[in-house]
Amino acid sequence: MGLPPPTHQEQCELLSVLCHVREPEPKEHSAFLNFYKTKVCLERELGIALTIAPSALGSHQHIWEASASTRCEISLPKTKAEIQRKLYSNVAEAERHRCMRIIVQLSFLVDCGSLDDYSSSFKRLNDDTFPTKWLDDHQFPAFFRQTFPINTSLQVSKVGKSLKAWKLHSRYKIKIVPTNDLAQHLVYNKRAGTLSVFHQMAYLKAHIGHSSTLPLSAPIEESLTRYALN
């Protein structure tokens, strides 16, 4: 069932585990905490309580413990199906998928099941990196490389100060909308006329600080190992 909003102490613990914040201050991470609440907490609409969180994630402590366990398992050469069976062995298959999707979203701010929420026509209108899906027989590094491919031949032109959000809106009627999914950053929805922009700046700053000694050329496996140990 959906969880009640986390207490101040629970918020600090969540920020420490999920975001690697050394000295958590909930007010500075309101964007992440709001996103967290939409994923696992009770919402009320017209006086009716809506349950969100999978039953296997029965408390906020279960969630940060599940996040730590998932990071450890992901750092090993295991497929998604193997990880789900180990961590959520006592729940139904559909519930395992829900748990994994939520924990990956909260741990990495990447939706490993976004493909389930979009039509095939939307997929064709965009490149191959969004929406995406972590397949059961794939390991996490393979999913990550598919979602964030490295294009060594890409040439970036300098636009300087000429590219501004208000120009995109006034001249091209493009509406900029926030996203909590890194894979959706700068994805343009042609039909809706929206450009998604990742807005979790405090989350990014915390992760950059946590991995400051890791070289940019480090493989994803090395990064995952570090996150599993901290």
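The values are calculated or read from the model by the stated rules, or taken from the named source; none is laboratory data. A quick note: this is a predicted structure, and the numbers were derived from the prediction, not measured. Here Cβ is always computed from backbone atoms with ideal geometry, including for glycine, and neighbour counts include all displayed protein chains.
Somewhere in the range 94-109, is a residue over 30 Å from Glu13 (Cβ atoms) and either touching an Asp or Glu at 6+ places or on another chain (Cβ under 8 Å) or modelled with pLDDT under 95 (or both)? Scanning the range 94-109, I find no residue that is over 30 Å from Glu13 (Cβ atoms) and either touching an Asp or Glu at 6+ places or on another chain (Cβ under 8 Å) or modelled with pLDDT under 95 (or both), so the answer is no.
Within the range 117-166, restricting attention to residues that are β-branched (Val, Ile, Thr) and surrounded by fewer than 16 Cβ atoms within 10 Å (Cβ to Cβ), the residue that is modelled with the highest pLDDT is Ile150. Restricting the first member to the range 108-120 and to residues that are aromatic (Phe, Trp, Tyr), and the second to residues that are assigned to a loop (DSSP other than H, G, I, E, B) and surrounded by 11 or more Cβ atoms within 10 Å (Cβ to Cβ), the beta-carbon pairs closer than 7 Å and six or more apart or on different chains are Tyr118/Pro131.
Taking the criterion of being touching a helix residue (DSSP H, G or I) at 6+ places or on another chain (Cβ under 6 Å) and either part of a loop (DSSP other than H, G, I, E, B) or of a type in the set (A, V, I, L, M, F, W, C) (or both), the residues of the range 185-223 that qualify are Lys190, Phe198, Gln200, Ala202, Ile220. When restricted to residues that are within 16 Å of the chain's Cα centre (by Cα) and over 20 Å from Asn34 (Cβ atoms), the range 184-219 contains 3. For the range 74-83, the set of residues classified as assigned to a helix (DSSP H, G or I) and at pLDDT 95 or above consists of Lys80, Ala81, Glu82, Ile83, listed by residue number. Scoring Lys86 on the criteria (1) of a type outside the set (A, V, I, L, M); (2) surrounded by 16 or more Cβ atoms within 10 Å (Cβ to Cβ); (3) assigned to a helix (DSSP H, G or I) leaves a single failure, condition (2). Filtered by the rule that a residue be in contact (Cβ under 8 Å) with a residue 24 or more places away in the chain, of a type in the set (Ser, Thr, Tyr) and more than 16 Å from Leu224 (Cβ to Cβ), the range 68-93 gives a lone residue, Tyr88.
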